[in-house]
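The values are calculated or read from the model by the stated rules, or taken from the named source; none is laboratory data. These figures come from a predicted structure and were not determined experimentally. No Cβ is skipped: glycine too gets one built from the backbone with ideal geometry, and neighbour counts run over all protein chains shown.
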Amino acid sequence: MDSSEKWFALGPAERAVQEEAASLTAAVADISAEADAMSEIHPGMREALRASGLAGLMVPAAYGGRAETVDPLTVCLVREVLMKGSSHLDSMFALQGIGSYAITVGGTDAQRAQWLPRVASLETLAGLALTEEHAGSDLKNVSTTVTEKNGELVVHGEKAFISNAGAADFFVTLVKEDLADGPGLSLVLVPADAPGVSTRPSPELIAPHVLGDVTFDGVVVPPEARLGAPGKAMSLVLSTLAVFRVSVAGAAVGLATGALEEAARHARTREQFGRPLLKHGPVAQLLADSWNDVEMARLLTYQAASFARQDARAALNRSSMAKVAATEAASRVVDRSVQVMGRWGLIANSPIERYYRQARPMRVYEGASEVLKLGIATTLCAELDQAPPAR
Ligand SMILES: Cc1cc2nc3c(=O)[nH]c(=O)nc-3n(C[C@H](O)[C@H](O)[C@H](O)COP(=O)(O)OP(=O)(O)OC[C@H]3O[C@@H](n4cnc5c(N)ncnc54)[C@H](O)[C@@H]3O)c2cc1C
């Protein structure tokens, strides 16, 4: 498809990384459907991602990564390509950054040196454990605790729906803590093999995902396992979201592009009433509306990621806008694409049916659309307050 990428002035470095990601998805094309049906790590997919070296984009060069800092635009571009090929591959790539970024920004040199080179080389899989049974969008409501006992930290509680649980080697874990000035939220880095950590699969999703629940049963870790200062967890969580939320938008754009290409190919070749579906006005409209959706989503996504490259925290609202716009657009596009393809759009485990299922969770995780819209509307009104009076 002729695409806005042409006009967005991506430089040679960005083009090169897009090509690397495309070579990887081509190399794993034969195992993509099988991997996307799995809720455990696919060993062949892991080996292909490791061999590609792309996970090095998730860690700073000082700790084995490929660039000085983790770059939101590059991550976005890679996820766009990977998600089009395989949600399993996209998720494995994304989690290396999402699960480790709090170490990058909030860890000590010792923590970074211990974990980040192995994240970059994919020797270690990362996990970010925030969600609990009673704390989803409302993370301040977590009940997993950390307490100090005999100079050590004791983590106790249950996390739910954690990506990579069962495969991850560590969990950056959000915990509640009693502090001198009242309860606060802290982050603790818990190795998955620490005594008292156990995992079990979460319920299977409509689009399978490596997902599990994690129990921390009085897990004892040294005080050095803290990430950042006690009570300051949300600052590190926000830093992570500031870099990676927009990458969900990138993945959604890739998924929507893949779905639209499936539908367009079908509309050109399938004939009804003596002419290709494409020549039936309502079908052409479905395709045109979808292409508009894809390009609008891509432009907002690249713009937000470019802003985030300059100052990720300052660009967080733009990233939320891109995440909402692109994931909602992807849902519309896959729905229209299924319609264009008629019964062929409904065949289980066909590429279009996989896209259809995979699009749905994207509007829920890393900030449900409705929750993000609250923040977007608040920012809009705050910016209007600061703007000069209207003419
Ligand atoms: C595939 C997948 C992978 C995941 N991976 C991880 C992971 O690695 N680590 C992790 O910690 N968690 C993970 N999660 C959990 C995910 O972060 C939560 O599902 C998400 O935060 C939403 O929480 P919830 O599902 O409890 O929905 P709830 O918070 O119960 O919200 C349900 C719905 O209510 C609405 N809503 C809620 N609050 C508001 C509000 N204030 N204003 C308006 N509307 C509102 C929204 O429409 C929302 O969709 C994952 C989830 C999925 C599906």
Index of the failed condition, Ala194 passing every other in (1) over 22 Å from Gly107 (Cβ atoms); (2) surrounded by fewer than 17 Cβ atoms within 10 Å (Cβ to Cβ): (1)
Residues satisfying the stated conditions in the range 64-92, i.e. away from the ligand (no atom under 14 Å from the Cβ) and either small (Gly, Ala, Ser) or more than 16 Å from Val253 (Cα to Cα) (or both): Gly64, Gly65, Arg66, Ala67, Glu68, Thr69, Val70, Asp71, Gly85, Ser86
Selection count, the range 250-269, where residues are of a type in the set (A, V, I, L, M, F, W, C) and either in contact with a Cys (Cβ under 7 Å, 6 or more places away or on another chain) or assigned by TED's automatic domain parsing to the domain that holds Ala26 (or both): 0
Residues of the range 200-251 classified as β-branched (Val, Ile, Thr) and within 12 Å of the ligand (Cβ to nearest atom), total: 6
Enumeration of residues in the range 117-162 that are at positive phi, over 18 Å from the mean Cα position of the chain (by Cα) and within 15 Å of the ligand (Cβ to nearest atom): Gly157
Odd one out for Gln114, checked against (1) free of Cβ contacts under 8 Å to residues at least 24 places away in the same chain; (2) polar (S, T, N, Q); (3) within 12 Å of the ligand (Cβ to nearest atom): (3)
All positions within the range 39-97 that are closer than 22 Å to His209 by Cβ and of a type in the set (Phe, Trp, Tyr): Phe93
Count - residues of the range 124-147 that are surrounded by fewer than 16 Cβ atoms within 10 Å (Cβ to Cβ), touching a residue at least 40 places away in the same chain (Cβ under 8 Å) and either in contact with a Cys (Cβ under 7 Å, 6 or more places away or on another chain) or in a loop (DSSP other than H, G, I, E, B) (or both): 1
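Considering the range 175-184 alone, what residues qualify as being of a type outside the set (Val, Ile, Thr) and either within 9 Å of the ligand (Cβ to nearest atom) or crowded, with 17+ Cβ neighbours inside 10 Å (or both)?
Correct list: Lys176, Glu177, Gly184.
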Boolean, Gly151 is in the same structural domain as Val219 (by TED's automatic domain parsing) and over 23 Å from Ser198 (Cβ atoms): yes
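Within the range 276-284, does at least one residue satisfy the condition of being under 27 Å from Ala22 (Cα atoms) and either buried (at least 19 other Cβ atoms within 10 Å of the Cβ) or β-branched (Val, Ile, Thr) (or both)?
Among the residues of the range 276-284, not one is under 27 Å from Ala22 (Cα atoms) and either buried (at least 19 other Cβ atoms within 10 Å of the Cβ) or β-branched (Val, Ile, Thr) (or both), which makes the answer no.
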Filter result (assigned to a helix (DSSP H, G or I), of a type in the set (Val, Ile, Thr) and either surrounded by fewer than 24 Cβ atoms within 10 Å (Cβ to Cβ) or without any contact (Cβ under 8 Å) to a residue 12 or more places away in the chain (or both)) within the range 82-111: Val105
Lone unmet requirement of (1) surrounded by 15 or more Cβ atoms within 10 Å (Cβ to Cβ); (2) touching a Lys or Arg at 6+ places or on another chain (Cβ under 9 Å); (3) over 16 Å from Val243 (Cβ atoms) for Val294: (2)
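Return yes when Val172 is more than 16 Å from the ligand (Cβ to nearest atom), of a type in the set (A, V, I, L, M, F, W, C), in a strand (DSSP E or B) and modelled with pLDDT of 95 or more and no when it is not. Please lay out each step first, then the result.
On the way: more than 16 Å from the ligand (Cβ to nearest atom): no; of a type in the set (A, V, I, L, M, F, W, C): yes; in a strand (DSSP E or B): yes; modelled with pLDDT of 95 or more: yes.
The answer is no for Val172.
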